[in-house]
Amino acid sequence: MTSNVPEPIDPRQLRVSDADRDQVAERLRDAAGEGRLALDELEDRITAVYTAKTYAELEPITRDLPAAGAPGPVPAPAAKARGRWRVGMKPRRRKSFVFMGGSDNKGAWVVPKSYIAFAMMGGIELDLRDAEYEDREVTINASCIMGGIEIIVPEGLNVQVHGFGFMGGYSGTPVGPVDPDAPTLHVRGFALMGGVDVKRKAHREAKQDPDNRLDRGRYGEIEG
């Protein structure tokens, strides 16, 4: 038996009215005023609006535009704090090369996702007790030849040391409890006739630096 019930009509295939077209055209003019559309794009889309016959033809014309009055995409926060740890900061430098000289990073410096420290017949000190971090997992590639590198980490920081020494010494992972909110620091590299020492010390108050001379360098250092 054949049914006489008509097939339902897709609402998108219904005919649009002049008022519908005017509403979409007004949204396009607003978008152009907001800087979302160039003038030639505005002209092309308005032409498409007034030649559209159904809602399906109107729909793609504003598909890439937010609704009127709607806010744009929310930017991701630059930095997040978990407990006393700040992550998501922008580093000022990503390496220290020392030849017959010395270098230190102390105070409120930012540990980048990957940092290179290399000393030849010289010394580098990296003090992380007041440091901030670019990422929740960072790596310091610390290597030396006839020199030394000292890395001081705060209590609670998750530290994993993976380096090795040849005719020299490379520190193991320092002991101590780990804060579950803390970032993870990996220390990698080698020590040839020198030493890399990673030690854990209690947090200290950050010293003031009125002249903004953090990340100081001395003779023999190439900064980056």
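Of all residues in the stretch 175-200, those satisfying the criterion of being surrounded by fewer than 19 Cβ atoms within 10 Å (Cβ to Cβ) and part of a loop (DSSP other than H, G, I, E, B) are Val175, Gly176, Pro177, Asp179, Pro180, Asp181, Met193. Go through the residues of the stretch 198-207 one by one and say whether even a single one is of a type in the set (Asp, Glu) and in contact with a strand residue (DSSP E or B) (Cβ under 6 Å, 6 or more places away or on another chain). No: zero hits. Taking the stretch 157-174 as the range and being within 11 Å of Gly194 (Cβ to Cβ), in a loop (DSSP other than H, G, I, E, B) and open to solvent by less than 80 Å² (accessible area, probe 1.4 Å) as the test, only Gly168 passes. Just wondering, is there one or more residues in the stretch 186-194 that are among the small types (Gly, Ala, Ser), closer than 16 Å to Val111 by Cβ and at pLDDT 90 or above? Yes, that holds for at least one residue. Out of the stretch 94-126, which residues are surrounded by fewer than 19 Cβ atoms within 10 Å (Cβ to Cβ) and part of a loop (DSSP other than H, G, I, E, B)? Hits for the stretch 94-126 are Arg94, Met100, Gly107, Ala108, Lys113, Met121.
Per-residue answers, yes or no, for (1) over 30 Å from Ala117 (Cβ atoms); (2) open to solvent by 70 Å² or more (accessible area, probe 1.4 Å); (3) at pLDDT below 90:
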{"site": "Asn4", "(1), (2), (3)": "yes, yes, yes"}
{"site": "Glu7", "(1), (2), (3)": "yes, yes, yes"}
{"site": "Asp44", "(1), (2), (3)": "yes, yes, no"}
{"site": "Pro66", "(1), (2), (3)": "yes, no, yes"}
{"site": "Pro71", "(1), (2), (3)": "yes, yes, yes"}
{"site": "Ala76", "(1), (2), (3)": "no, yes, yes"}
{"site": "Arg82", "(1), (2), (3)": "no, yes, yes"}
{"site": "Arg92", "(1), (2), (3)": "no, yes, yes"}
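Annotation: of all residues in the stretch 11-42 being over 16 Å from Ala67 (Cβ atoms), open to solvent by less than 70 Å² (accessible area, probe 1.4 Å) and assigned to a loop (DSSP other than H, G, I, E, B), the one that is modelled with the highest pLDDT is Ser17.
The values are calculated or read from the model by the stated rules, or taken from the named source; none is laboratory data. Computed from a prediction, not measured in an experiment: that's the story for all the values here. Methodologically, a virtual Cβ is constructed for each residue, glycine included, from the backbone with ideal geometry; neighbour enumeration extends over all protein chains shown. All accessible areas refer to the heavy atoms of the entire protein, side chains included, with ligands and DNA or RNA removed. Shrake-Rupley method; radii C 1.70, N 1.55, O 1.52, S 1.80 Å.
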